[in-house]
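Scroll down for the structure; my scribbles are underneath it.
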Amino acid sequence: MDGQLIEKKDCSAAVAAALPEAKSLADAGKLAEAVELLLGVEKQARMGNDVTSLKEVVLATIRLVREKKDWEQMNATLTQISKRRSQNKAAISAMVQEAMGPSYLDATPDVETKRKLIVTLRDITDGKIFVETERARLTRTLSHLLEAEGKVAEACDIIQDVHVETYGSLDKQEKLEFILEQIRLTLAKKDFIRTYIIAKKVTKKLLEGEDPALQALKLKFYRLMIEYHSLAEKEAFEIAQHYHSIYNTPVVRAEESEWRAALSACVLFLIIAPHSNQQSDMLHRLVRQEEDQLAQLPVYKEILKTYTTREIIQYPLPQLPDIESHPALTLYGHELAQHWLQQLRTRVIQHNIRVLSAYYKKIRLSRAADLLSLDVSELENNISTLVSEGALYARIDRPANQVSFAPTKIAEETLSDWAADISELLRLVERTTHLINKEQMLHKVV
């Protein structure tokens, strides 16, 4: 209890005497008796509050069992020591750290034995904050074993139960590595909802830094996010943003082949993305800020120029062969690549309709379809899509075979515009009168 003095007893002599005797018993094939002998000394040290001697005898016990390669006895001994009454935290921590080292886990004769040892250590660390770091590392190792056995779902379930973001004893980089492993396994399991939830734990601030190891984790995160947005959401704009983040990573900018691939992929998915203020802003920012780099990618520079100009784009694009052969487009299979190409054609059509709306208040459907190289029904469908998304105002008059892009004004708006025009007219009349009077006065003076 707090403020209570606890008597400490020196058990170092008892430990020193017991260790050689236990070694002799173990060498004689009496491992169980040797363990019992050491556990007797362990009790003395524990009850005497001699932490140094306690840790020494605990570590000596499991090391003796390891030397004899009796893994069943190892699991039993670890569990027995951890469950002893009033067991010291320092002793449990030292024991777990010792038993999860390579001289133990890597020394097991087979995968099953290794798995049992990890499960034992995880059971010991369950609910104990002072060994939460060790439990997280053991969980990650166990998930790797299960994944190697083809049990991806089980590996995913085990690792995602560990909330490392709340662990104060783990450093930022190790936390990030663990979270990325959770994201990777949930993607492998195709649990996209869980992937989205876990990915929200990673902030952009967490990824910033000049350390090459941290930059490697940043690249891994964005590539996992590209996989998620490709397979689950099919969100081209999000993918473009992720490729742009990869492009802006120093280690990528230092390698020409890397930044060329990232920047071209960014441009590619940006033109596939639906038109929005964000998408349009990013298009124009790329043209302004990456002029030198785009000069080395003439195909994608021309694509950006085409999309940022108010002109009708002819489809198929002249750059279509380069687009179809881009590795980023075919990264997740032929079916998804065809989806992106279809989206590209749709975006070209929608761009052309927006261009028409800028130059025409009203146009015949047949004429518009001819200008855009479409049939009337496809033109109507695309106009309807843009209107329903709020990206365009249009009214189709089928009997008159016309589409109007000018919104019909209500009476109040018409009156307001008329009043504004009258005010402007009167202002101009007043200004003109003033100038005439000024000119007349100047002539009178002369």
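Of all residues in segment 157-189, which are touching a residue at least 12 places away in the same chain (Cβ under 8 Å) and basic (Lys, Arg)?
Lys172, Arg184, Lys189
Which numbered condition in (1) under 16 Å from the mean Cα position of the chain (by Cα); (2) within 30 Å of Asp123 (Cβ to Cβ); (3) basic (Lys, Arg) is the only one that Arg140 fails?
Checking Arg140 against (1) under 16 Å from the mean Cα position of the chain (by Cα); (2) within 30 Å of Asp123 (Cβ to Cβ); (3) basic (Lys, Arg), the one that fails is (1).
Limited to segment 246-274, what total is found for residues that are outside any loop (DSSP other than H, G, I, E, B), touching a helix residue (DSSP H, G or I) at 6+ places or on another chain (Cβ under 8 Å), touching a residue at least 40 places away in the same chain (Cβ under 8 Å) and within 22 Å of Ala337 (Cα to Cα)?
Within segment 246-274, residues that are outside any loop (DSSP other than H, G, I, E, B), touching a helix residue (DSSP H, G or I) at 6+ places or on another chain (Cβ under 8 Å), touching a residue at least 40 places away in the same chain (Cβ under 8 Å) and within 22 Å of Ala337 (Cα to Cα) number 6.
Just to be sure, is Thr308 of a type in the set (Ser, Thr, Tyr), at pLDDT 95 or above and under 26 Å from Ala369 (Cβ atoms)?
Taking the combined requirement at face value, the residue does not satisfy it.
Consider Glu380 against the criteria (1) under 31 Å from the mean Cα position of the chain (by Cα); (2) of a type in the set (D, E, K, R); (3) farther than 24 Å from Thr309 by Cβ: it satisfies all of them except one. Which criterion is unmet?
Just one mismatch for Glu380, condition (1).
Output the qualifying pairs, or none if there are none: Cβ atoms under 6 angstrom, residues six or more apart or on different chains, first residue in segment 136-156 and assigned by TED's automatic domain parsing to the domain that holds Tyr167 and under 15 Å from Lys190 (Cβ atoms), second residue outside any helix (DSSP H, G or I) and acidic (Asp, Glu).
Taking only residues 6 or more apart or on different chains, not a single pair turns up.
If Thr346 passes every condition in (1) at pLDDT below 95; (2) surrounded by 13 or more Cβ atoms within 10 Å (Cβ to Cβ); (3) among the hydroxyl-bearing types (Ser, Thr, Tyr); (4) under 23 Å from Tyr307 (Cβ atoms) but one, which one does it miss?
The single condition Thr346 does not satisfy is (1).
Exactly one of (1) crowded, with 16+ Cβ neighbours inside 10 Å; (2) in a loop (DSSP other than H, G, I, E, B); (3) not hydrophobic (A, V, I, L, M, F, W, C) is unmet by Ser169. Its number?
Looking at each condition in turn, Ser169 falls short on (1).
Let's see how each residue does on (1) in the same structural domain as Thr330 (by TED's automatic domain parsing); (2) closer than 30 Å to Leu329 by Cα:
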residue: Thr346; (1), (2): yes, yes
residue: Arg364; (1), (2): no, no
residue: Ser377; (1), (2): no, yes
residue: Thr385; (1), (2): no, yes
residue: Leu392; (1), (2): no, yes
residue: Ala400; (1), (2): no, no
residue: Ala406; (1), (2): no, no
residue: His434; (1), (2): no, no
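Return the residues of segment 294-333 that are touching a Phe, Trp or Tyr at 6+ places or on another chain (Cβ under 8 Å) and among the small types (Gly, Ala, Ser); say none if nothing qualifies.
Ala328
Can you confirm whether Leu64 is more than 20 Å from Leu142 (Cβ to Cβ), in the same structural domain as Asp27 (by TED's automatic domain parsing), surrounded by 20 or more Cβ atoms within 10 Å (Cβ to Cβ) and in contact with a Leu (Cβ under 8 Å, 6 or more places away or on another chain)?
yes
Could you give me the residue pairs with C-beta distances under 7 Å whose first residue belongs to segment 356-381 and is outside any helix (DSSP H, G or I), whose second residue is surrounded by fewer than 18 Cβ atoms within 10 Å (Cβ to Cβ) and among the β-branched types (Val, Ile, Thr) wherever it lies, and which are 6+ apart or on separate chains?
From segment 356-381, the pairs are Leu372/Ile312.
With the structure loaded, tell me whether Leu425 is hydrophobic (A, V, I, L, M, F, W, C) and surrounded by 10 or more Cβ atoms within 10 Å (Cβ to Cβ) or whether it fails that test.
yes
Given the conditions (1) farther than 24 Å from Ala369 by Cα; (2) surrounded by fewer than 17 Cβ atoms within 10 Å (Cβ to Cβ), which single one is not true for Ile323?
The single condition Ile323 does not satisfy is (2).
The values are calculated or read from the model by the stated rules, or taken from the named source; none is laboratory data. Model, not experiment: these values are computed from the prediction. So basically every Cβ, Gly included, is an ideal-geometry build from the backbone, and we count neighbours across all protein chains shown.
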